[in-house]
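A quick write-up on the structure given underneath.
The values are calculated or read from the model by the stated rules, or taken from the named source; none is laboratory data. Just so we're clear, the structure is a prediction, and the values are computed from it rather than from any experiment. For neighbour counting, all protein chains shown are included, and Cβ atoms are generated from backbone atoms with ideal geometry for every residue, glycine included. Heads up: the accessible areas ignore ligands, DNA and RNA and are worked out on the full protein's heavy atoms, side chains in. Shrake-Rupley method; radii C 1.70, N 1.55, O 1.52, S 1.80 Å.
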Amino acid sequence: MAKKDAPPRWDRKMQQRLARGEAAALGELYDRFASLVHGLAHRVLGDEHAADRVTREVFVHVWQHPDAYDPQQGPLRTWIAALTHRLAVQRLRATETAALAEGGPGTAEDLESKVRHAAVAARADYIVQAMPAPLRAALELAYFQRRDYRQTAADLGVTEDEARRRLRLGLQLLSTAHDTPASGAPPEYGGAA
């Protein structure tokens with residue numbers, strides 16, 4: 001039996017392959033996480049082209065610094081999401097600060113508020129994507145299709161108690177999106193910062 005706190009085997013192998021400079025490993029990593037990275041970056045920045053640039057920056061960083069990821073700190077997916085968040089927030093701050101310097105509308109407080117809101121939204125998106133499929137399905141039915149717990153139970157083929165449990169757990173996970181530090185940045189993790 002594997003140790004409970006051991007990193008997933010795929011994550012360790014991927015980190016080793018990247019450290020050896022295997023281009024195929026980068027391609028595999030890109031195929032697996034590009035939509036996550038782009039989605040998080042787009043959520044923070046609200047701009048397709050800026051999200052494309054951040055996506056490239058993330059994978060360039062991973063390629064150039066594969067040892068920055070420490071499998072003992074957690075999953076590769078989480079590290080990549082934290083790296084994406086950090087780079088997207090840096091780009092947002094730089095863009096908004098430049099606009100402020102040029103006399104654009106808003107204040108420094110507006111900028112920080114915008115960064116905080118973007119960070120919470122990006123974290124919520126990540127939480128929904130990372131939660132177990134049964135919880136995500138229950139939330140999608142209840143909130144996007146406006147089903148009550150009885151209808152959700154019927155649609156999922158589960159008991160009403162199970163539907164309520166899934167909705168409650170999903171909402172509890174989602175409520176942690178607001179549990180970010182005051183800076184709006186995720187906690188420091190495995191060299192992502």
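Brief remarks follow.
- Cα gyration tensor shape of region 18-159, rounded if a/c is under 1.5, else prolate or oblate by comparing a/b with b/c: oblate
- Using θ = phi - 60° and Karplus 6.51 cos²θ - 1.76 cosθ + 1.60, couplings along region 80-95 (whole Hz; Gly, Pro as x): 5, 5, 5, 4, 4, 4, 4, 5, 5, 5, 4, 5, 4, 4, 4, 5
- Extension gain, Gln145 back to Leu171 (0.36 nm per residue minus Cα-Cα distance, nm): 7.8 nm
- For region 126-173 versus region 7-85, the gap between their alpha-carbon centres in whole angstrom: 29
- Here the calculated FRET efficiency for His49 and Leu156, from their Cβ-Cβ distance with R0 = 41 Å, stands at 0.60, rounded to the nearest 0.05.
- Area accessible to solvent at Glu96, 1.4 Å probe radius, in Å²: 50
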